[in-house]
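The values are calculated or read from the model by the stated rules, or taken from the named source; none is laboratory data. This is a predicted model, so every value here is computed, not measured. Positions of Cβ are backbone-derived with ideal geometry, glycine not excepted, and every protein chain shown enters the neighbour counts. Protein only, heavy atoms only, side chains kept; ligands, DNA and RNA dropped before computing areas. Shrake-Rupley method; radii C 1.70, N 1.55, O 1.52, S 1.80 Å.
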Amino acid sequence: MTKDLSNTNDVNTDKTATSSAWGGRFSEATDAFVQRFTASVDFDQRMYLEDIEGSIAHATMLAKVGVLSDDEKQQIYAGLEGVRADIEQGTFEWSVELEDVHMNIESALTKRIGITGKKLHTGRSRNDQVATDIRLYVRSAIDAIAKELTRLQEGLLVVAEREAGTIMPGFTHLQTAQPVTFGHHLMAWFEMLSRDFDRFMDCRQRLNQSPLGAAALAGTTYPIDRDYTADLLGFERPTANSLDSVSDRDFAIEFCSAASVLLMHLSRASEELILWTSAQFDFIDLPDRFCTGSSIMPQKKNPDVPELVRGKTGRVYGNLTSLLTLMKSQPLAYNKDNQEDKEPLFDTIDTVRDCLRAFADMIPAIQAKKDNMYQAAKKGFSTATDLADYLVRKGIAFRDSHEIVGKSVAYGIEQNKDLSEMTLAELQQFSTTIEQDVFDVLTLEGSVAARNHIGGTAPKQVKAAVDNAKQLLAARS
């Protein structure tokens, strides 16, 4: 019968045997609730591959320096491969009593191969073991995230190239500002994601150092070769200080910081997708497979994927704050607090990968409603700046031209006419400098084409930006 742990009296009297891994010091069994409270195996078991990989590298090094015989090394190899197979086949029995992924695997290894399994932990501690596992895990996560980021950017390039000449309103303060092309807008997202990619790569470079061999906090008296284990695990080098090696989690914080900036960018894109799919904008169409309906309103097509990505941004921000708070007052070296690093870190990894996958699948399927975009760009006097620039080129000071255009816009509002819809005579009410050639710049096409420089919205520049971006992505592979 399961004991009711809500009763504190029951909790205080429910005892179980101490862990054989460290129980020699203790004369009293660990409280059953405390055992469950302090265990991490429910969530850190996802690092089993990294734990086994680190153990194989450690055993290889121990054999190289003569701490293990070649026969013992081979026994450990075979035993760990058997444990891995059991885990992947779903037959491995995880035990809360063994606290974490490390002790569960070591215990299973010892059951398989006997006393040789107990020799594996020579020259290391769970402190440097978990620090190594997490670095390996985050490094793999960054590699997977980088692939999804690249796939999303490839999708953006497909749509941006297709819509390089599609005119839409550009906004500031969510008010019509100047006409831009849809391709140019999407390339703005591409640039954001490129910086995100660089941030993750920068984080990967800094975390790619091996803590293995730092042991509990001071190193070990065994003749270990840390350069060798670092090389076996694909690390650039060993960490330089044993105290720092086992106790700091700044690489995890940096990862969550990069993830937060990425989700901020995805959230901004999500907000625009949500607006653009609304009946009020009606700029784009998202395929049905990325939307849901309403249980009561049959006409509804809700952009749930971007809405959920927008919502998950707060979750990732919270995880970053959790890790920063976790570390803010910790003295050197390792503290049990650090067990709390994994759940927010793992959740961030899962959330980022899912959001990127959703976006990478969705973006190439966007369909632009070109006519709606074009008609929207004609509203709000989006070529007013072009008229001001035209007057400056005719010799009128910018501040004077600004006033002339302001009066022209006020007249347009009164007459319900866009600048491009006014006659030459109407425009000349405000300045006789205006001539027939003004209509070359007052059209939407003329406005976007005139911004023909690096970073500009002219279709020619959008296509050039897409070509450059393709080269950037090709260089990653």
Give me the pairs, please: first residue somewhere in the range 211-224 and farther than 12 Å from Val130 by Cα and in contact (Cβ under 8 Å) with a residue 40 or more places away in the chain, second residue anywhere and assigned to a loop (DSSP other than H, G, I, E, B) and among the hydrophobic types (A, V, I, L, M, F, W, C), beta-carbon distance under 7 Å, and either six or more positions apart or on two chains.
Leu217/Ala333; Tyr222/Val67; Pro223/Val65; Ile224/Val65
Cβ-Cβ below 9 Å, separation at least six or inter-chain, first residue in the range 346-368 and touching a residue at least 24 places away in the same chain (Cβ under 8 Å) and under 18 Å from Tyr137 (Cβ atoms), second open to solvent by 10 Å² or more (accessible area, probe 1.4 Å) and part of a strand (DSSP E or B): which pairs?
none
Tally time: how many residues in the range 98-153 are on the phi > 0 side of the Ramachandran plot and buried (at least 19 other Cβ atoms within 10 Å of the Cβ)?
2
Inspect the range 296-317 for any residue being under 30 Å from Gln35 (Cα atoms), modelled with pLDDT of 95 or more and open to solvent by 60 Å² or more (accessible area, probe 1.4 Å) and give the result as yes or no.
yes
All conditions in (1) closer than 30 Å to Val441 by Cα; (2) under 21 Å from the mean Cα position of the chain (by Cα); (3) open to solvent by less than 10 Å² (accessible area, probe 1.4 Å) are true of Ala160 except (2)
Does the range 124-134 include one or more residues that are touching a residue at least 24 places away in the same chain (Cβ under 8 Å), within 21 Å of Ala214 (Cβ to Cβ) and acidic (Asp, Glu)?
yes
Would a scan of the range 99-120 turn up a residue that is at pLDDT below 95 and not basic (Lys, Arg)?
yes
Report yes if Leu444 is farther than 30 Å from Met192 by Cβ and at pLDDT below 95, otherwise no.
no
Quick one: is Lys336 open to solvent by 10 Å² or more (accessible area, probe 1.4 Å), in contact with a strand residue (DSSP E or B) (Cβ under 7 Å, 6 or more places away or on another chain) and either over 30 Å from Leu444 (Cβ atoms) or modelled with pLDDT of 95 or more (or both)?
no
From the residues in the range 79-97 that are open to solvent by 60 Å² or more (accessible area, probe 1.4 Å) and touching a helix residue (DSSP H, G or I) at 6+ places or on another chain (Cβ under 7 Å), which one is modelled with the highest pLDDT?
Trp94
Residue in the range 313-325 that is touching a residue at least 40 places away in the same chain (Cβ under 8 Å) and more than 18 Å from Val261 (Cβ to Cβ) present:
no
Just one listed residue, out of Leu217, Leu233, is closer than 29 Å to Ala144 by Cα and buried (at least 17 other Cβ atoms within 10 Å of the Cβ), and it is Leu233
Suppose the filter is farther than 18 Å from Phe43 by Cα and open to solvent by 10 Å² or more (accessible area, probe 1.4 Å); does Ile76 pass it?
no
The one condition Met327 fails out of (1) closer than 23 Å to Phe359 by Cα; (2) in contact with a helix residue (DSSP H, G or I) (Cβ under 8 Å, 6 or more places away or on another chain); (3) open to solvent by less than 80 Å² (accessible area, probe 1.4 Å) is (1)
Looking at the range 387-445 only, could you name the residues that are assigned to a loop (DSSP other than H, G, I, E, B), within 25 Å of Gly165 (Cβ to Cβ) and of a type outside the set (D, E, K, R)?
Thr443
For Pro331, which of the numbered conditions (1) outside any helix (DSSP H, G or I); (2) under 16 Å from Ile134 (Cα atoms) fails to hold?
(2)
Top-ranked residue in the range 173-199 [being modelled with pLDDT of 95 or more and among the β-branched types (Val, Ile, Thr); ranked as most open to solvent (accessible area, probe 1.4 Å)]:
Val180
Odd one out for Leu157 among (1) in a helix (DSSP H, G or I); (2) touching an Asp or Glu at 6+ places or on another chain (Cβ under 6 Å):
(2)
Filtering the range 462-476 down to residues that are in contact (Cβ under 8 Å) with a residue 24 or more places away in the chain and out of contact with any Leu (no Cβ under 7 Å at 6 or more places or on another chain), which residue is surrounded by the fewest Cβ atoms within 10 Å (Cβ to Cβ)?
Arg476
Scope the range 252-275; condition over 19 Å from Arg195 (Cβ atoms) and open to solvent by less than 10 Å² (accessible area, probe 1.4 Å); matching residues
Ala252, Leu273
